[in-house]
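A.B. asks: Have a look at the structure that comes next, please.
Here, each number is a calculation from the coordinates, and none is a lab measurement. Computed from a prediction, not measured in an experiment: that's the story for all the values here. Cβ sites come from the backbone with ideal geometry, for glycine too, and all protein chains shown count toward neighbours.
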Amino acid sequence: MIKSHTWLFIVKTHITMQIESYTIELRDVHLYAHHGVMPQEREIGAWFTIDIALEMNDSSCSESDRIDGTVSYADVYGILCSEMQQPSNLLENVCGRITKRLYDTFTQIDAIRITLCKDTPPMGGDRLKAAVTLSSKR
């Protein structure tokens with residue numbers, strides 16, 4: 001009887017890659033706030049939705065699994081909540097304040113794209129929303 005053997009050789013290779021971009025996103029953040037030009041908007045308030053993308057300049061956390069190379073989602077959320085509680089006439093102003101504070105707080109951020117949507121603007125439209133998008137680079 002002839003025995004046959006099958007040998008399996010596993011060769012480990014190191015594959016290198018270059019990360020082109022690294023973005024942290026928070027989507028559909030719903031917050032109640034008092035923004036708007038009309039007095040009733042500032043008095044009564046309304047629901048807003050925020051989508052934000054932070055382009056990062058350090059992707060080392062993808063290998064190290066350490067938080068110090070990135071930005072905590074919870075910290076970003078905290079800044080969104082804090083800035084949304086300061087009433088403004090214009091959504092553009094709110095976006096600008098949020099963006100400035102994020103750049104001041106996190107040196108790892110290279111670029112920001114934020115969309116702030118007023119879920120029920122006082123314009124009489126059915127299911128109408130109004131939004132502002134601000135894109136910036138450091």
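A.B. asks: If you take the square roots of the eigenvalues of the alpha-carbon gyration tensor of segment 30-138 and sort them as a ≥ b ≥ c, do you get rounded (a/c under 1.5), prolate (a/b over b/c) or oblate?
C.D. replies: Working: a/c = 2.54, a/b = 2.41, b/c = 1.05.
Cα axes put segment 30-138 in the prolate bin.
A.B. asks: Compute the Cα gyration tensor for segment 21-64, then decide on rounded, prolate or oblate, letting a ≥ b ≥ c be the square roots of its eigenvalues: rounded whenever a/c is under 1.5, prolate when a/b is larger than b/c in the other cases, and oblate in all that remain. Before the final figure, lay out the partial values.
C.D. replies: On the way: a/c = 5.34, a/b = 3.89, b/c = 1.37.
Prolate shape, in that a/c is at least 1.5 and a/b is the bigger ratio.
A.B. asks: For segment 36-107, which trypsin sites (Lys or Arg not before Pro) are both in a DSSP coil and crowded by at most 12 other Cβ atoms within 10 Å? Show your work: numbers first, answer last.
C.D. replies: Details: sites: R42, R66, R97, K100, R101; in loops: R66.
When the trypsin sites (Lys or Arg not before Pro) of segment 36-107 are filtered for loop state and at most 12 Cβ neighbours within 10 Å, R66 remain.
A.B. asks: Once the other residues with Cβ under 12 Å from the Cβ of R138 are scored (Lys, Arg +1; Asp, Glu -1), what is the net sum? Write down the numbers at each step before the final one.
C.D. replies: Values: positive: K100, K137; negative: E55, D104, D110.
So the environment of R138 carries a net charge of -1.
A.B. asks: Return the sequence-ordered ³J(HN,Hα) values of segment 66-73 in whole Hz as given by the Karplus equation 6.51 cos²θ - 1.76 cosθ + 1.60 applied to θ = phi - 60°, using x for Gly and Pro.
C.D. replies: Working through the residues one at a time gives 10, 5, 5, x, 9, 10, 6, 4 Hz.
A.B. asks: Would you work out which of T133, L90, I112 lies farthest towards the positive end of the dipole of segment 23-137? Charges go on Cβ: Lys and Arg +1, Asp and Glu -1.
C.D. replies: The residue sitting farthest along the positive end of the dipole is L90.
A.B. asks: OK, next. List the aspartates and glutamates whose Cα sits under 18 Å from the Cα of K118, skipping any in the same chain fewer than 8 residues away.
C.D. replies: D28, E41, E43, D51, E83, E92, D126
A.B. asks: Taking the Cα-to-Cβ direction at D68 and at Q40 and moving 7 Å from each Cα, how far apart do the two end points lie in nm?
C.D. replies: Result: 5.4 nm between the two label points.
A.B. asks: List, in order, the whole-Hz ³J(HN,Hα) value for each residue of segment 129-138 obtained from phi through the Karplus relation with A = 6.51, B = -1.76, C = 1.60 and θ = phi - 60°; use x for Gly and Pro.
C.D. replies: Here the 3J(HN,Hα) series is 10, 10, 9, 10, 10, 10, 10, 8, 10, 5 Hz.
A.B. asks: Here's something else I'd like to know. Evaluate E = 1/(1 + (r/R0)^6) for E20 and D75, where r is the Cβ-Cβ distance and R0 equals 25 Å; express this FRET efficiency to the nearest 0.05.
C.D. replies: Working: r = 25 Å, r/R0 = 1.00.
Rounded to the nearest 0.05, the efficiency is 0.50.
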